[in-house]
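Everything below concerns the one structure shown next.
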């Protein structure tokens, strides 16, 4: 089966890319993997105070929840099971890591989103 990897930053443009992947998966057929990459800004002061670790946990929890809601919404509305993945780090490095991990047949991204998926 084909694999479609779609990067999202939860913007309207990214939702269009996700919808394109879903509609394509129904025709091809293909597995859909929705990827969000969270780039955290390192802050020495917050890290020293222990706040950075808590902030990152909260942010990852919130982003995981958004991905779960997206996955469940797609399952209910489109009757299509998708996989969601959250990675943290440099966007380009993590995107390359995801491509090497999943070996998608097609990478789909919006071009005018919030900040690079």
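Per residue, the convex hull around the alpha carbon atoms of region 51-108 comes to 91 Å³. By DSSP, the beta bridges lying fully in region 2-108 are antiparallel in about 0 percent of cases. To the nearest 500 deg cm²/dmol, what mean residue ellipticity at 222 nm is calculated for the chain from DSSP H runs of n ≥ 4 alone, each contributing -39,500 (n - 2.57), summed and divided by the residues? The helix-only estimate for the chain comes to -17500 deg cm²/dmol at 222 nm.
Per residue, the average separation of C-alpha pairs within less than 8 Å and at least 6 apart gives the chain a relative contact order of 45 percent. Measure nothing fancy, just the Cα-based angle from helix 51-78's long axis to the longest principal axis of the chain, in degrees from 0 to 90, nearest 10. The angle comes out at about 10 degrees.
Coordinate-derived values only; no laboratory data. Treat the numbers as computed from the prediction; the structure is a model and nothing was measured.
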